[in-house]
Amino acid sequence: MDESLPVAREADTIVRLIREHPVVVIAGETGSGKTTQLPKLCLAAGRGIAGMIGCTQPRRIAARAVARRVAEELGVEFGGAVGYQVRFTEQVSERTHIKFMTDGILLAEIQSDRFLSAYDTIIVDEAHERSLNIDFLLGYLKQLLRKRRDLKVIVTSATIDTERFARHFGDAPVVSVEGRSYPVQTRYRPLEGEGEDCGERTVNEAIVAAVDEITREDPHGDVLVFLPGEREIRDAHQALERRKYRQTEVLPLYARLSARDQDRVFNPGPKRRLVLATNVAETSLTVPRIRYVVDPGLARVKRYSPRGKLDRLHIEPISQASADQRKGRCGRVAAGVCYRLYSEADFLSRPRYTDPEILRASLAGVILRMLALGLGRVEDFPFLDPPDPRAVADGWQQLAELGAVDKDRRLTPTGRQMARLPVDPKLARMLIAAAQHGALREMTVITAFLGIQDPRERPADARQAADQAHAEFADPRSEFVGVLKLWDAYRAAHEELTQARLRDWCGKRFLSFLRMREWRELHRQLLLLCTELGWALNAEPAGYGALHRCLIAGLPGQLGHKADKGLYDGPRGRKFQLFPGSALASKPPPWVLSATILDTQKVWGLMNAAIEPDWAIAELPHLLARKHFDPHWSRAQGRVVGFEQISLFGLVLAPKRPVHYGGLYPVEAREIFVREGLVRGEVNTRAAFLPRNLQTLAKAREEEAKLRRAGLVADEDWQAQWYLDRLPAEVNSVVALEKWYRTLPVDKKKSLEWSLAELLPGEGGEAERFPKYLPLGEARLRLHYRFEPGAADDGVTLDVPLHLLNAVDAARLSWLVPGLIEDKAAALIRGLPKVLRRNFVPAPEFARAFREAHPKPSADAIAGELARFLRQATGVEVAASDFDEAALEPHLRMNLRLVTQDGKLLAESRDLDELRQRFGQRAEHAFAARAGERLAAEGLREFPAEPIPESVPGEAGVPAFPALVDTGEAAALRVFADRAKADAEHPRGVRRLLEIALADRIRQARKQLPVSPKTGLLYAAIESTERLRADLVDAALDALLADGLQSIRDRAVFAQRRDDIGKRLFGEAMERLKLAEAILAAVAELRPKLESPLMGWARGNLDDLRAQLDDLVHAGFLRETPAEALAQYPRYLKAMMLRAERAKLDPARDQARMLEIKPFVDALARARAAGALAQPDWQALRWELEELRVSLFAQELGTRGPVSVKRLAKRLEVLAATDGRAWP
């Protein structure tokens, strides 16, 4: 023990407390000796025997230096009894008793040793710094102490809030150790006009005034001046240099300063020094020989904003604790003086302590680490200061955006891989994307660079020279590409030069030798981890697009679109500018990606690259918002089209992409198709009914003109509804219309034609007064009119389907139709008792006034509305019950015809209640039958016990057809009115139940399928290895379930089929795996040959090859491609390989052959857009086209059968005869 150190005076107390308590808190100021002496005191307390004494340090340089010092003091070999481990270096042996390390190293060890069993004592040094690592470690140790009673924990801190550490560990004992040897006087020199309007100039003047005062009293004592940042240091440096103090040098000190300039600070010469430092000199570094401190009380503090999703780097007043830390920098060698450029009242009003990092930083990395370690909810973890719930929510949101967690906040496979990489989650996500896109070689370099401090130096006295040196590696499109250029140059120099010459090489190019070495070491570590994860480096250089897609995957919220005045619009309404020093600042691209968005006084984008928005659309589908608008009929395309706006967190990536609207909104598209296409005749179709209807409509309008009375012809609403009542729900385009129309018998086709009588229903305006339908919810009930007094159906008759009987509104029926409101009102008034009736004479005038006030039915019954109207008109009290509707003439009461679904008359009456009494229950059953409720069963996970009949009697004798239906996670038994629909659904439902019954077999097959690491890595460019196994097993299952499911309608047959499939499944999957391995190997060999050439020649040829490859090999192709076609893939891919090589030699010849196949490629594209590509005829054309490609571009490989352009043209002509989309 060094008895000269203050900690020696408390040695016995500390040893006793270590023996008696699981946790001890040591409060010691800098210089007290606690860091070097505590491990010795632990040895004296008998620790270091059952395990090592682990000593954590916030910084690597401190861990190494302290370990060496303790080894010297103990007289043992460094790396033996005393060792150390930092990020890239480890000197620890089996004989090590004391191990110094960074806190990050200890946290990393938790992943493999949850109980930290290698240690019997943990010393957490410099805990007052409250970094994320320290806070996380303290929380973890608190939990671990409950499980390891043998473990001792010692927390050391400067004299800052030690009681909080003690309370955190259950009121642990605290030992205070004095550190300073000399008193420090505090002098307050507040600024004039202190406040928001106090600018930097005034601060500099105050600094100069303080140094002047110091110089007058002591012209030889060194001075340490604290400033918020580099810019403020430069301004103060100029102000102090102008004073020309004698025998004095002014030296800057900040983290980015070159090693040479830092050495001038730590190796003082004979002159007095004025050291201008950021808060790096507050605790991290000790500047020697300081007698005076000048403290403006400001620091530039980095805070992450969950709301803005960016880091803010603003100047803030420091806390009292930080002010005291700064004060403590003087008085080490003699009595010191601290000048505070603010008042004592201001000092006392400031927060006592600096916010810990966990309250200022993004929590995504913390949450990811906790999930990987299985430490439960971040909200429940015993942090010293619980994080803000908004910051926690933001951390979860970041991880979800990166694909690290699912909707239930569980780690995804991507998240588990991210957790294994010792970099920020965003950087980890970039590496995963790079493994998938074939850009891992480049991305390990870039992520390693982003994971360290920028090694490029810009000394204040040589900025222009530094910028010129760095320009050697600049790239006008991407600073990330510039990083790769720098790496290539450095790697070449590293391989060729000695270490001394390499250091000189770095110096000439203004590169920090140590940070370049750190970059290289982190890159090496990332390469090792990528190898452990089974990722292989790409042999060929990654393309620009692939590289930046990987960056976008990790930076989804950091895109920008160029706006006005040099600003960029970013996601979530953010606006930012390119940093002036960026290589892209002189010529800003339309779209940019920034590695960092930083808010200082302005919001800057740092480390930028030009990108395309399509890359973000392709890489971030899970984060995109799609908005569709402006649906309209396109006669040229024969369908309803609209536009799609794609945005990312509010940033519009694609403002107006054309889309097929019917595929997205079929109901709305059907309405537009009918109204804008059919009704207006804006349709090119072979369906015969439409031109005939248009001819009939023209004749009707001629008749209307002859009568000189407008409004006789049925309007567009009537015409549209007429079509909507007859066309199936799926008909919303010309293609769908013609496909359906071709299947109709002659009489059905004839029923689609209008008659002249239908288009001229009556006199002008009568269609509204005497409508043909009465609306009931979404249904339209038919109305019939007859003028024959005495007949049973005299007046208005309403057809009521049985299943809607209980839904009919009696109040609405009382109004009849608008044309009879006046007549009925007059009759009701005449039927009033005489004492009331005489107040409403003449009745027709009151009835007419009522009709004018109520031209259409309202919600209340007519009697109630009429009573209200008469009261308001005359003041005479009339109630609805005063009217006698039963005494009205029959034609003034609605006649109801109750009909079955097929129109058969069940009953007829003018009394709704009487019909409901007779048929109400039957109507309920009919309604339920239509909804499939009698046989319906939901949530089935095994085959029903009772056999499923092929049909059952439905409503009113109409047969219904039971069928199993696939509902996703289970099956359902439902009833269909349409046999074809039931026949289509039943095999799918049976398949779902078979998949559930075979779930264990399927899972076992997927698990046991011997996919080699090489095959898995090749498939990773398309989807995950798990998806590969699943697709192969699913494809095998598809083959075994290809037919015969329709006939499975009882449990015994189901069980027999289940057992048969279970036996054959694995063998079928193995056959497909062998083929998949050959295909994926061929694809991996082909892809590099399809990269676009630099000069643009043959670009169109290679674009065609890439499109062909994307059509053949895509997510799910092993599952979706027919087995007979998939077997030909090796030949197709070999043909593509030959074509790619030949295209580069003779692009013109390749272009000519490509033009021969273009009509077929275009026809297939139109079929795909129209949703018809799955039809057998189109599928046949598709695979014949692949054979034609082989014939044209690699004839020596042969084809499956005769094939030629002429043959395919004939097939296309046959298709065109029945399908217009085949034509150019």
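Quick note: the coordinates plus some simple rules give every number you see, no bench work behind them. Model, not experiment: these values are computed from the prediction. For neighbour counting, all protein chains shown are included, and Cβ atoms are generated from backbone atoms with ideal geometry for every residue, glycine included.
Cβ crowding within 10 Å, taken as a proxy for footprinting-reagent exposure, orders K485, K565 from fewest neighbours to most as K565, K485. Among beta bridges from DSSP that stay inside segment 770-925, the antiparallel ones total about 70%.
Given (i) 125.4; (ii) 68.0; (iii) 97.7 as candidate values of mean projected area of the Cα convex hull in nm², which corresponds to the one derived from the coordinates? Correct label, based on the coordinates given: (ii). Compared with the direct C-alpha span, the chain from R1099 to K271 gains 291.4 nm at full extension, assuming 0.36 nm per residue. Just to confirm my numbers, what's the Cα centroid distance between segment 1113-1148 and segment 353-403 in Å? Between the Cα centres of segment 1113-1148 and segment 353-403 lies a distance of 48 Å.
With r as the distance between the Cβ atoms of E950 and R114 and R0 = 60 Å, compute the FRET efficiency 1/(1 + (r/R0)^6) and round to 0.05. Don't jump to the answer; show the numbers that get you there.
On the way: r = 60 Å, r/R0 = 1.00.
So, using R0 = 60 Å, E works out to roughly 0.50.
Shown in residue order for segment 443-453 are the 3J(HN,Hα) couplings computed by the Karplus curve 6.51 cos²θ - 1.76 cosθ + 1.60 at θ = phi - 60°: 6, 5, 5, 5, 5, 5, 5, 5, x, 10, 6 Hz (x for Gly and Pro). If R0 is 51 Å, the Cβ-Cβ spacing of T286 and L624 corresponds to a FRET efficiency of close to 0.45. Ordering P190, A335, L257 by Cα displacement along the dipole of segment 184-355 toward the positive end leaves L257 in first place; charges were set at the Cβ atoms of Lys, Arg (+1) and Asp, Glu (-1). Between R246 and R769, the contour length at 0.36 nm per residue exceeds the alpha carbon distance by 177.6 nm.
Sum -39500 (n - 2.57) across every DSSP H segment of at least 4 residues in the chain, then divide by the residue count to get the 222 nm mean residue ellipticity, nearest 500. Don't skip to the answer; put the middle values down first.
Values: 48 runs with 554 residues, N = 1224.
Taken over the chain, the calculation gives -14000 deg cm²/dmol.
Peptides 1203-1209, 1104-1110 ranked from most to least packed give 1104-1110, 1203-1209, packing being the mean of other C-beta atoms within 10 angstrom over each peptide's residues. Partner lysines whose Cα lies under 27 Å from the Cα of K152, excluding those fewer than 8 positions away in the same chain, are identified as K34, K40, K99, K142.
Which order do W1183, W722 fall in if you start with the one that has the fewest other Cβ atoms within 10 Å?
Details: W1183 16, W722 20.
Least crowded to most crowded, the residues run W1183, W722.
Straightening the chain between D715 and S349 buys 123.8 nm, computed as 0.36 nm per residue apart minus the Cα-Cα spacing.
Expressed to the nearest 5 percent, the antiparallel share of DSSP beta bridges inside the chain is 55 percent. For segment 1159-1216 versus segment 620-675, the inter-centroid distance based on Cα atoms is 30 Å.
Sequentially through segment 681-691, phi angles give Karplus couplings (6.51, -1.76, 1.60; θ = phi - 60°) of x, 8, 9, 9, 8, 8, 5, 6, 5, 5, x Hz, Gly and Pro residues having no value and appearing as x. For segment 6-177, relative contact order (Cα pairs under 8 Å, six or more residues apart, normalised by length) works out to 33 percent. Expressed as an acute angle from 0 to 90° and rounded to the nearest 10, what is the orientation of the C-alpha long axis of helix 499-508 relative to the principal long axis of the chain? Long axis of 499-508 versus the principal axis of the chain: about 70 degrees. Shown for I49, I1022: other C-beta atoms within 10 Å of each C-beta, ranked fewest to most, produce the order I49, I1022.
Place the peptides 1031-1040, 458-467, 291-300 in order of packing, highest mean first, counting for every residue the other Cβ atoms within 10 Å and averaging per peptide. Show your work: numbers first, answer last.
Values: 1031-1040: 21.8, 458-467: 13.6, 291-300: 24.1.
Ranked by mean Cβ neighbours within 10 Å, highest first: 291-300, 1031-1040, 458-467.
Note on K656: lysines with a C-alpha under 22 Å away, same-chain residues under 8 apart excluded, are K562, K627.
Remind me, what semi-axes does segment 184-355 give for its equivalent ellipsoid, largest first in whole Å, using sqrt of 5 times each Cα gyration tensor eigenvalue? Could the numbers behind the result be given before it?
Numbers: eigenvalues 123, 70, 51 Å².
Working from the Cα gyration tensor, I get semi-axes of 25, 19, 16 Å.
By DSSP, what percent of the beta bridges with both residues in segment 246-379 are antiparallel, rounded to the nearest 5? Among the beta bridges of segment 246-379, antiparallel pairing accounts for roughly 45 percent. Per residue, the average separation of C-alpha pairs within less than 8 Å and at least 6 apart gives segment 773-927 a relative contact order of 31 percent. Shown in residue order for segment 798-811 are the 3J(HN,Hα) couplings computed by the Karplus curve 6.51 cos²θ - 1.76 cosθ + 1.60 at θ = phi - 60°: 10, 7, 10, x, 3, 5, 9, 4, 6, 9, 5, 8, 4, 4 Hz (x for Gly and Pro).
Relative to the longest principal axis of the Cα atoms of the chain, the long axis of helix 200-217 lies at roughly 10 degrees. In summary, the lysines within cross-link reach of K1089, defined as a Cα separation below 30 angstrom excluding same-chain residues under 8 places away, comprise K485, K1014, K1074, K1134, K1144, K1158.
The label-point distance for E942 and R501, in a model that sets each label 7 Å from Cα toward Cβ, rounds to 7.9 nm. D747 sits among other residues whose Cβ lies under 14 Å from its own Cβ, and their net charge, with Lys and Arg +1 and Asp and Glu -1, is +3. Placing +1 on each Lys and Arg Cβ and -1 on each Asp and Glu Cβ, with no other charges, gives the chain a dipole about its Cα centre of roughly 2220 debye. In this label model, E1156 and A1052 are separated by 6.1 nm, measuring between points 7 Å along each Cα→Cβ vector.
Ordering P382, A462, I315 by Cα displacement along the dipole of the chain toward the positive end leaves A462 in first place; charges were set at the Cβ atoms of Lys, Arg (+1) and Asp, Glu (-1).
Placing R0 at 51 angstrom, the Cβ-Cβ distance between Q185 and K562 gives a FRET efficiency of 0.35 after rounding to 0.05. The packing ranking, built from the mean of other Cβ atoms within 10 Å per residue, places the peptides 619-629, 1067-1077, 739-749 in the order 1067-1077, 619-629, 739-749, highest first.
How much net charge surrounds E1085 when only other residues with a Cβ under 11 Å from its Cβ are counted (Lys, Arg +1; Asp, Glu -1)? Each step should come with its number before you reach the end.
Values: positive: R1087, K1089, K1134; negative: E540.
Its environment carries a net charge of +2.
Quick check: from the Cα gyration tensor, does segment 6-177 come out rounded (a/c under 1.5), prolate or oblate? In terms of gyration-tensor shape, rounded.
Find which of V211, A1115, I1048 sits farthest along the positive direction of the dipole of the chain, computed with +1 on the beta-carbon of Lys and Arg, -1 on that of Asp and Glu, about the Cα centre. After comparing all options, I get V211. Axis of helix 34-44 versus longest Cα principal axis of the chain: the two differ by about 80°, to the nearest ten degrees.
Going 7 Å from the Cα of S881 toward and past its Cβ, which residues in segment 821-850 have a backbone nitrogen under 19 Å from where you end up? From segment 821-850, the list is 829, 831-837.
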